[in-house]
Amino acid sequence: MEIIRNSNVLDTSSFDLNQFISQVETEAHKLWANSPRRVINATGVVLHTNLGRAPLSNQALQSIENASGSYSDLEFDLDSGIRGSRQTGINGLLSLVTGAEAALVVNNGSAAVMLGLATLAKNKEVIVSRGEAVEIGGGFRIPEVLAQSGAKLVEIGTTNRTYATEYEGAIGGETGAILKVHSSNFRITGFTHSASLTELSHLGRWKSIPVLHDLGSGCLLETTQFGLIKEPTVQESVSSGCDLTFFSGDKLLGGPQAGIIVGKQHLIEQLSKHPLARALRIDKLSLAALTATILHYLRNEATDQIPVWKMISQPESVIRERASQLQSKIPHYSSIIEGGSPIGGGSLPGETLPTWLLAIDGNAEKVSSLLRQGNPPIITRIENGKVVVDLRTVTGTEEPILEKSLLSVLKENQS
Ligand SMILES: *Cc1c(COP(=O)(O)O)cnc(C)c1O
């Protein structure tokens, strides 16, 4: 409508039919385009929250199709023919893979923490170390989440040092829980101390106070095997003896958006009966994808099948070879340089994997903007005034598309 109003249709002297048609086409394309659009992530940031975090495995996609293209047994028990729970299948798998007694899945990581606190600590006190009363990003701030769930924050210790004895000293008649928060996206170094989860779990059991662990990323594999520093795993959190562990489905787990809670059976039961559990419940598409993702871990094929682990475990030498291949197509406009791929997604702050970058000559702002306008759009990073392409996060099938787009942009940039 806008176009018709803006074009001076009645003024026949200035009316250009071809221009009008092309305007209508452009507007229609924008209006009818699917959203969110597919993009090629050439930033090398494996878990880019702005780019939708973890891409899904083929089986996860297949699983979504099976669960949604027709009716499914989402909440139907095929043996008895009566109503079942959408949680049954996934919860069994999560217990198997993490070693926990029980599990519950909700909409996202924030919802998981919120449900845990609202169920166990409403109108009660929750003890948190001052160094962990933090903002995780995108509106998730521990003091505010606590306030929203009706719990009272009791901060103890100092920003850099908190001891188990300080938790003990803060426990009183009003205490509902002890909460430990993983510092997902920042690191405090130097003169620091924090109470270990094992210490807190002992304390909690002794005083009959639930110990909750907001782990954030939900890593199930040992990151050190890929040359990264250690990211605490879910299995370690569970075996420390804490009562509940909360994590996301779409960070290092490599699955869909989801919030996962694993831990003690009697607490999981309490959480699942809370009215918020229904409000925060996981949808069937995410549930289908999460189940397929967890099955990759149980089949021991995570690094072959789950895209984020394929990217993380890709050897530097392979990336270098791929970058050289690409560079040989545009030898006069680019060079290969050493760099680092950040992991992102609120995990392993400041850590990068060694990589090889294709650095593109020319005006960086202009080149990156032209690449973003491609179809599909290509998202790059600018480093030291140059556009750089990191093939770690570009799949083999995306490579020819990237190459074509680069060639056309460089041509356009020349003229
Ligand atoms: C990412 C994160 C959350 C929030 O999880 P979402 O899935 O993004 O809602 C909560 N706590 C920690 C420690 C996190 O790292």
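The values are calculated or read from the model by the stated rules, or taken from the named source; none is laboratory data. All values reported here derive from a predicted model rather than from experimental measurement. Cβ placement follows ideal geometry from the backbone for every residue including glycine, while neighbour counts extend to all protein chains displayed.
On the basis of being in contact (Cβ under 8 Å) with a residue 12 or more places away in the chain, over 30 Å from T189 (Cα atoms) and touching a Gly at 6+ places or on another chain (Cβ under 7 Å), does N107 make the cut? Before the answer, list the steps.
Values: in contact (Cβ under 8 Å) with a residue 12 or more places away in the chain: yes; over 30 Å from T189 (Cα atoms): yes; touching a Gly at 6+ places or on another chain (Cβ under 7 Å): yes.
In short, yes.
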Residue under evaluation L212, criteria (1) part of a loop (DSSP other than H, G, I, E, B); (2) more than 11 Å from the ligand (Cβ to nearest atom); (3) under 24 Å from G345 (Cα atoms); (4) in contact (Cβ under 8 Å) with a residue 24 or more places away in the chain, criterion not met: (1)
Test: residue in the stretch 232-239 that is in contact with an Asp or Glu (Cβ under 9 Å, 6 or more places away or on another chain), within 30 Å of Q314 (Cβ to Cβ) and within 15 Å of the ligand (Cβ to nearest atom): yes
Sole exception among (1) buried (at least 16 other Cβ atoms within 10 Å of the Cβ); (2) aliphatic (A, V, I, L, M); (3) without any contact (Cβ under 8 Å) to a residue 60 or more places away in the chain for L56, by number: (3)
Test set (1) at pLDDT 95 or above; (2) away from the ligand (no atom under 16 Å from the Cβ); (3) out of contact with any strand residue (DSSP E or B) (no Cβ under 7 Å at 6 or more places or on another chain) - A279 fails condition number: (2)
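Would you pick out the residues in the stretch 241-267 that are among the small types (G, A, S) and more than 16 Å from the ligand (Cβ to nearest atom)?
We begin by selecting, within the stretch 241-267, every residue among the small types (G, A, S); these are 241, 248-249, 254-255, 258-259, 263.
Passing the criteria: only G241.
Residues are listed down the side, and each one gets a yes or a no for (1) in a strand (DSSP E or B); (2) of a type in the set (S, T, N, Q); (3) at pLDDT 95 or above:
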residue: Q314; (1), (2), (3): no, yes, yes
residue: I319; (1), (2), (3): no, no, yes
residue: S324; (1), (2), (3): no, yes, yes
residue: S368; (1), (2), (3): no, yes, yes
residue: L402; (1), (2), (3): no, no, yes
residue: L406; (1), (2), (3): no, no, no
Residue satisfying all of: in the stretch 337-358; out of contact with any Lys or Arg (no Cβ under 7 Å at 6 or more places or on another chain) and either of a type in the set (V, I, T) or in the same structural domain as L252 (by TED's automatic domain parsing) (or both); nearest to E231 (Cα to Cα) among these: I343
Selection within the stretch 176-191 - surrounded by fewer than 21 Cβ atoms within 10 Å (Cβ to Cβ), more than 16 Å from the ligand (Cβ to nearest atom) and either over 28 Å from the mean Cα position of the chain (by Cα) or closer than 24 Å to I261 by Cβ (or both): G190, F191
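Here are L117, L96, L104: which of them is buried (at least 17 other Cβ atoms within 10 Å of the Cβ), assigned to a helix (DSSP H, G or I) and assigned by TED's automatic domain parsing to the domain that holds G263? Reasoning before the result, please.
Numbers: L96 fails: buried (at least 17 other Cβ atoms within 10 Å of the Cβ); L104 fails: assigned to a helix (DSSP H, G or I).
Exactly one of L117, L96, L104 is buried (at least 17 other Cβ atoms within 10 Å of the Cβ), assigned to a helix (DSSP H, G or I) and assigned by TED's automatic domain parsing to the domain that holds G263, namely L117.
Working carefully through the options A147, A170, find the one that is surrounded by fewer than 14 Cβ atoms within 10 Å (Cβ to Cβ), touching a strand residue (DSSP E or B) at 6+ places or on another chain (Cβ under 9 Å) and not charged (D, E, K, R). Please lay out each step first, then the result.
Working: A170 fails: surrounded by fewer than 14 Cβ atoms within 10 Å (Cβ to Cβ).
Step by step, each of A147, A170 is checked, and only A147 is surrounded by fewer than 14 Cβ atoms within 10 Å (Cβ to Cβ), touching a strand residue (DSSP E or B) at 6+ places or on another chain (Cβ under 9 Å) and not charged (D, E, K, R).
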Residue tally, condition more than 14 Å from the ligand (Cβ to nearest atom) and under 11 Å from G249 (Cα atoms), over the stretch 106-127: 0
